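Read through the structure below, which is laid out as C-alpha cells, and then see the notes.
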Amino acid sequence: MLKRKLFLALAAVATLIGVHTASFAQDNKEVKFTVRIENVSNSDGQVAKDGTKWPFALSPGLWVVHEREVRLYREGVAANGGLEELAEAGNPGVLVKNLEGRGHQGPHGEMLHGVFNTPVGANGPGPIGPGGAYEFSFSAKPGMRLSLVTMFGQSNDWFYAPKRQGIDLFTNGKPLSGDITSSFMLYDAGTEKDEEPGVGPNQAPRQKDPNAGEPENGKVHAAKSSAFGARNGELFKVTITPQSAMANM
Ligand SMILES: [Ca+2]
Ligand SMILES: [Ca+2]
C-alpha cells in the first residue's frame, strides 16, 4: 500500500513538472518553484470543549503569483462572494472566475494563478486531513509575489492567507527557499457567525447545505480570538523549493 501511495505521489509531481517546464522553458530568467502545503496536525485530532475529537483539515484553494497587489481579501472590508464561498465551503471556484476577468499582462502587471485541490497521492479533489498534502508548481521572475487562500476546515468562515501584499519570491534576485509557514495568518471572513471549530452544526461536514449558518454581516478580520491563530507550525507547514537549474534547460 505504502509503495503504491509513494508512486502515485511521485507521478503527480512529475506531471506538474512536465506541464510547467513546457510552458516556461523559453524564458531563462524565470525560476520554477514548487510549494507544498502539508497538514502536520496530530492524527489523534483536536479536542473540543466537550471532549469531541475532530481532525484539523485544509480545503482546496487558490494560488496567485503576481507583480501588483492582487486583493483576494482586504482586512476591514466585507468579503466578496468568491471569498465567502472559499471561507465557508472550501470552494475556490468563484475566486478563480473573478481572476479570469483580469489579463496576465496589463494594468495589474503580470499574473498567473491556479487551484490546488487534489491531495498528493489522491485520485480526485478533496480536503487534506492529518498527514495529507497539496503541491503545486509555477515559474516566476524577480518582482513577483505569491498569494494563496485555503479554508480552515470545520470552521464557519475562517481562512489562511499571507499578508495582503503576498510573499516576496525573490530577495535581491535570490529565489525564496524553505519554510514559509509563519507568513500565513488566520482570518475570519466576517460572513458567518462563529461556532466552536470541529463541533458547530453549521460547519462542514455537519451543515445541511454549503451556505448554512447565521450571517455575520462583518468585515474580514484576523481571527484573533482563536487560539488556532497562533498554532501554525503545529497544524500545517508550507515549504517552497526553487529549482533554479531548470530555468536554464
Ligand atoms: Ca465568522
Ligand atoms: Ca456554514
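Each value in this text was obtained by applying a stated rule to the coordinates, not by laboratory testing. Note that the structure is a prediction, hence the values are computed from the model and not measured. Note: ideal-geometry Cβ built from the backbone for every residue, glycine included; neighbour counts use all protein chains shown.
Which lysines have a Cα less than 27 Å from the Cα of K193, not counting those fewer than 8 places away in the same chain?
Within the straight-line cut-off, K193 pairs with K49, K53, K97, K163, K208, K219, K224.
If eta is 1.306 mPa s and T is 10 °C, what Stokes-Einstein diffusion coefficient results for region 130-249, Kirkwood Rh from Cα pairs, in µm²/s?
Translational D for this selection: 97 µm²/s.
List the aspartates and glutamates whose Cα lies under 16 Å from the Cα of K237, skipping any in the same chain that are fewer than 8 positions away.
By straight Cα distance, K237 reaches E38, E135, D179.
What whole-number distance in Å separates the alpha-carbon centres of region 131-188 and region 32-102?
10
Setting aside same-chain residues fewer than 8 positions from K141, which lysines have a Cα under 19 Å from its Cα?
In chain and number order, the partners are K29, K32, K174.
Please list, in chain and number order, the residues 5+ apart from G132 or on another chain whose amide H is under 5 Å from its amide H, with Hs placed from the backbone.
N39
For V94, what charge total do you get from the other residues with a beta carbon under 12 Å from its beta carbon, if Lys and Arg give +1 and Asp and Glu give -1?
Result for the local shell: -3.
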